[in-house]
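Note sheet for the following structure.
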Amino acid sequence: MDQPPLNPLVVLGATGSIGRQTLDVARSLGIEVAALAARRGSDELLALAKEFSGATVGMTAPTESERATFTNLFGSRVRFGPELLPELAATSGATVLNGVVGAAGLEASVAALEAGNRLALANKESLVAGGPVVEKARVRGGGELIPVDSEHSALLQCLAGEEAGAVRRLILTASGGPFRGSTADELAAVTIEQALDHPTWSMGPRITIDSATLMNKAFEVIETHFLFGVDFDQIEVVIHPQSIVHSAVEFVDGSIKAQLGEPDMRLPIQFALTYPARQPSSLTPFSLAGSSLTFEEPDWESFPLLGLGYEAGRRGGSGPAVLNAADEIAVQAFLDGRIGFAVIAKVVADTLEKVSFRDLDSVADVKAVDAEARAVASQLVAPS
Ligand code: MG
């Protein structure tokens, strides 16, 4: 079967977990890599620059010696400085994989969409903090926004070929994290080690804690709202400990479509690059026979951040940006041993109360709200 050639790839966050797996997919499908960017000029980036010899290589925060090494070896192929992320994201005709961690990813997302590119989005802050701004950029530039997260990829796959009016509910699955079934009292005594031990996915420390508090699921609810243009009343969360059903869609006739697979990010990454087509992969398919899949209601009382996420999302405007910033400060304070696990939710709720609500029209607006929320949350976690 002949496939049209896939767009050349720009991989932002090339040495992070999503970036690495994206390059695996690029190798296996033979996709051209037009550009690679990372924060630092690590040995890993050096090896990638050698391997992908036609690619522009960018570093946003290199040391002097990294700068010298890369310039000596690769000359004009190398670029430095934080502004290179939006510049590379605007590469004409590219698919931009945004695997940047943190707020720096927002500008790259906006630039990719304004340039009319396909944005394969793995940067959480883009839609959680900057949803209204990213949405404007998509409309203005005509770019295409394709999710890389396993849940949103599942929704996209279930929605393929369906009409918007036929959808009743989008059902996001959540593993429930390591503390599924715990009471609020038990959660108050959770240690850092326990919180970092996620049952099915292996990820960085912040997202692992966010999975344990269900904050991550709340972020995904907000992203779902922006990605698929649905009301919060139409988005549900169900706990599914096996992480095999990645999400599901219920239609007006009562039919439910779900997408299943082994938890392996290379599948949603590949789909974001080949969408709407599929291409063969060597990933192990999930075996239905002999498996049991279970589903349960989330425990809203023990995991209050899930409900807070809906609240902030319904409020719209700056609400989700405040939620994200406050959570990042609170999670860091927990990881530093400064606050208890259950206090994370309290810090987020109090910050949402204290930061005044406003609309978000630009990246600058998002940055201002983010800075204010961080300042408020930092005060709340500071020892009195
Ligand atoms: Mg996810």
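Where a number appears in this text, it was derived from the coordinates with a stated rule and is not lab data. Just so you know, these numbers come straight off a predicted model, no measurement behind them. No Cβ is skipped: glycine too gets one built from the backbone with ideal geometry, and neighbour counts run over all protein chains shown.
Structure values in brief
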| item | result |
| --- | --- |
| Residues with amide H under 5 Å from that of R168, placed H, sequence gap 5 or more | E250, F251, V252 |
| Reachable lysines, given that their alpha-carbon falls under 23 Å from the alpha-carbon of K124 and they are not under 8 places away in the same chain | K136, K217, K346, K367 |
| Distant-in-sequence amide H partners of G58 (H built 1.01 Å from N, under 5 Å) | L36, A37, A38, R79 |
| Candidates S243, S211, S292, ranked by Gaussian network fluctuation over the chain, Cα under 10 Å, top entry | S292 |
| Dimensionless Rg over Rh [the chain; C-alpha; Kirkwood] | 0.96 |
| Under 16 Å from K354, Cα to Cα: aspartates and glutamates that are on another chain or at least 8 residues apart | E311, D327, D370, E372 |
| Pair-distance profile P(r), taking every C-alpha pair of the range 76-151, with 10 angstrom steps and integer % | 22, 57, 19, 2 |
| Relative contact order (%) - the range 59-208, alpha-carbon pairs under 8 angstrom, separation at least six | 14 |
| P(r), alpha carbons of the range 9-147 - 5 Å bins starting at zero, rounded % | 2, 12, 23, 24, 19, 13, 6, 2, 0 |
| Value of relative contact order over the chain, rounded to a whole percent, pairs C-alpha under 8 Å and six or more apart | 15 |
| In Hz, Karplus ³J(HN,Hα) per residue of the range 326-331 (6.51, -1.76, 1.60; θ = phi - 60°; x = Gly, Pro) | 4, 5, 4, 5, 5, 5 |
| Between the range 53-91 and the range 214-278, the Cα center-to-center distance that results, in Å | 35 |
| Relative packing of peptides 54-66, 344-356 - highest average C-beta neighbours within 10 Å first | 344-356, 54-66 |
